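Every number in this text was worked out from the coordinates using simple rules, so none of it is lab data. Not measured: the values here are computed from a predicted model. Neighbour counts are summed over all protein chains in view; Cβ atoms, including those assigned to glycine, are modelled from backbone coordinates with ideal geometry.
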Amino acid sequence: MTGTNVAAQAVDVEKAGGSTDWPQEQPVVPRKCRYFCCGSDLGFCPPYFLFIPFLGIIGYVLGMVGIVLVVALVLVAAALCLCPIATLSSWGDMWGCWPWK
């Protein structure tokens with residue numbers, strides 16, 4: 001196929017009953033939708049959609065625990081870094097007080 005509008009030519013070929021440049025594979029057996037893993041053909045499988053609320057609760061709790069841990073780590077890091085800085089700052093400011101002023 002040559003030309004400027006290759007897509008239009010492919011549609012024209014397909015409408016005429018010809019084949020396009022790309023193969024199209026079709027399944028041998030018609031497809032059946034299996035939204036849930038249940039049924040006599042598949043054996044016993046629990047309906048997993050019932051577990052979604054429990055997974056949501058577990059995710060919520062783990063998220064809250066993670067946030068609390070991050071805040072605790074930030075507070076520990078602030079205490080370890082800012083206490084020495086505050087000590088040095090107050091030591092330097094001490095020299096501006098009464099006996100040395």
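Structure values in brief
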{"quantity": "LEU50-LEU80 FRET efficiency (beta carbon distance; Förster radius 41 Å; 0.05 resolution)", "calculated": "0.30"}
{"quantity": "Net lengthening on full extension, VAL71/SER89 (0.36 nm per residue, minus Cα-Cα)", "calculated": "3.9 nm"}
